[in-house]
Amino acid sequence: MEEKHIDTSEPEPESTNVEKRVNVHSKAEQLHEYKETEGYIIDAQLESGLGDVKLAKDGHTRLIPQPSDDPNDPLNWSWGKKHLILFIISLTAFLPDYGSATGAVTLLPQAVEWGMTPDFVNHSQAGNVFMLGAGGIFAVLFSAYIGRLPVVFWYLIMATATAAWCAGATTFESFMAARILNGFFSTVTQGGGLMFIQDMFFFHERARKINIWASFFIMSPYMGPLLAAFMIDTKPWPTPFWVYFAETVLCFVLVILFVQETYYDRSIPAEEQPPRGSRIGSLTGASQWKSRHLRNSFPQACWRVVSVVLKPTVALASLYYCLTFAWVVGINTTLSIFLTPLYDFGPKQIGFFYFTPVVATILGEITGHWLHDAVAKQYIRTHKGHFEPEVRLRAIFLSIPFMVIGLVLIGQCLENAWPYMVTSVCWGLYVFGIMITTVAVSSYCLDSYPEASGEVAAWLNNSRTIGGFIISYFQVTWAESQGTRLSFGIQAAICGAAFILVLIMMRWGKAMRLWAGPLNFATV
């Protein structure tokens, strides 16, 4: 296999549309070192004829993509700089679900203050959850047009303002409007976080970095109620929302001080790269606006989002994630309604109850740190240095039993009034499985379409929030009408049946990707 070289020449004006598509496909293959027919070639020692390629410190793992010689290339940034930005992006991704789930505890005092039922006040939760998905799609769309950093900057300005509005609202209608808008803007790095990971890290590093990023937003819906429950035990219900406002301000300040634009087109020679401009210009988008002709036009940015979800494997992965993650949101937004009468819990006891899923997320992160790499390395070692994206899905064989068993036992606990510690542990089993699943599905979609890092992240984020949005409306009434044993048993059965989608992707995923063809984006 000959070493590939990037063709930086401009296309001929008379080129046909077919020729343009071929050129774009070739550029995508060169930059991401990925062919749908061959997968990735990871181990240079097991594959001859690779030519002069750059390797990782171990001396045999190929750096994918191959970094340029430009120090401004994010792949060439220092370890500290990359991980500082990753931490800030992950911390910002912590915000939306944290703020959303804070309302799961405050709905009880809000219902008393506004003379409503807790279930009706919970409608503000549903609106917020829905916008967590929609906001991510628009964030990615704008990022493809103007760049990553300005979108994060402007979204966080609006997220900060609406967080203050949530805390200061005096009527349910005002509070609900603030929650809906806050959901749309706060989700910016949760919906598009894979863009930053793809921009800064090499292929062999990404699963671990996705694991870090995902652990923040998987943990956040449990940290919100945990802390809010202790606050409202002695303080009025707006207090946890003022704390959420302060956390949003912190992330906003960190972005201003430390985060840099990570978009970099390696098909453009270093000497022809657009100037990065001043710090203010880079944050506000003034600098990126001057070089917008080098990125996607606005219609192209819109089409990117649409074309990705039309790919069968992305659609199936999103559907699977929706069917398994929906119950996370459903349980989290309604749990206080179940626990209060069953165990005679007050706010403080509910807060303690949330420690278990936090611990389960941490255990899932630690397990995933080794698991996902071990699965990949085993395949690479036994397949002459090659790697196929579908291998990422093998980790779900470990996670699916935890999810199914956890949901079944939660229903049994609530129906039969088992000790609350048993209920808590069963909840932790499900959360542990979700943590493993999130990284596996995200890594699979990113490896399948590396040029669409933001778009696949946005659709996966949207799929999980859409599921939660739907289940939030009828989780309580469903349990009241059929009992928790049956309702949670059905949820477990749906998770188990959805695993068929994983088996389909593992068996026919590559064939579906070949049939669907490349994305042919204007930028890769």
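Values quoted throughout were computed directly from the atomic coordinates according to the rules given, and no laboratory measurement underlies them. Note that this is a predicted model, so its numbers are computed, not measured. When we count neighbours, we look across all protein chains shown, and the Cβ atoms used for this are built from the backbone with ideal geometry, even at glycine.
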State the three equivalent ellipsoid semi-axes of the range 291-403, derived from the C-alpha gyration tensor as the square roots of 5 times its eigenvalues, in descending order and whole Å. 36, 25, 14
With θ set to phi - 60° and the Karplus curve 6.51 cos²θ - 1.76 cosθ + 1.60, what are the ³J(HN,Hα) couplings of the range 275-291 in order, to the nearest whole Hz, using x for Gly and Pro? x, 6, x, 6, 4, 5, x, 5, 5, 7, x, 5, 5, 5, 4, 5, 10
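Where does each of 299-310, 212-223 land if you order them by average Cβ count within 10 Å, highest first?
Values: 299-310: 16.7, 212-223: 24.8.
Result, highest mean Cβ count within 10 Å first: 212-223, 299-310.
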So Thr477 and Glu173, fully extended at 0.36 nm per residue minus their Cα-Cα distance, gain in nm 107.1 nm
Convex hull volume of the Cα atoms in the range 74-516, per residue, in Å³? 135 Å³
What FRET efficiency do you get for Trp515 and Leu257 if R0 is 35 Å and r is their Cβ-Cβ distance, rounded to the nearest 0.05? 0.15
Euclidean distance between Cα centres, the range 162-219 to the range 452-524, Å: 19 Å
Mean Cβ neighbour count within 10 Å, used as a protection proxy, ranking 269-279, 394-404 highest first: 394-404, 269-279
Using alpha carbons only, how many degrees (0 to 90, rounded to 10) separate the axis of helix 123-146 from the longest principal axis of the chain? 10 degrees
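Determine the calculated [θ] at 222 nm for the chain from helices alone, applying -39500 (n - 2.57) to every DSSP H run no shorter than 4 residues and normalising by the residue count; nearest 500 deg cm²/dmol.
-25000 deg cm²/dmol
Based on the Cβ-Cβ distance of Ala286 and Gln378, what FRET efficiency does E = 1/(1 + (r/R0)^6) give at R0 = 60 Å, to the nearest 0.05?
On the way: r = 48 Å, r/R0 = 0.81.
The pair Ala286/Gln378 has a calculated efficiency of 0.80.
Hey, how much of the P(r) for the range 212-300 falls beyond 15 Å, as a percent of Cα pairs? List each step's numbers first, then the result.
Details: 2878 of 3916 pairs.
Counting pairs separated by more than 15 Å, the tail of P(r) holds 73 percent.
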0 to 90° range, to nearest 10: angle between helix 298-309 axis and the chain longest Cα axis: 70 degrees
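Can you give the percent of C-alpha pairs in the range 429-524 whose distance is more than 21 Å? Show your work: numbers first, answer last.
Numbers: 2166 of 4560 pairs.
Beyond 21 Å sits 48 percent of the P(r) for the range 429-524.
In debye, nearest 20: dipole of the chain around its Cα centre with unit charges on the Cβ of K, R (+) and D, E (-)? Can you show the working numbers first?
On the way: 35 positive and 40 negative charges, 96 e Å.
Computed about the Cα centre, the dipole is about 460 debye.
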Where does helix 484-516 land angle-wise versus the long Cα axis of the chain, in degrees 0 to 90, nearest 10? 10 degrees
Using only the Cα atoms of the range 282-332, what do you get for the radius of gyration and for Dmax, in Å? 17.3, 47
Run the Debye formula on the Cα coordinates of the range 79-216, all scatterers equal and no solvent, and tell me log10 I(q)/I(0) at q = 0.14, 0.21 1/Å. -0.65, -1.16
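Mean 1/r over all different Cα pairs, inverted: what Kirkwood radius does the range 99-162 give, in Å? The partial results should precede the final answer.
Numbers: mean 1/r = 0.0739 Å⁻¹.
Here the Kirkwood hydrodynamic radius works out to 13.5 Å.
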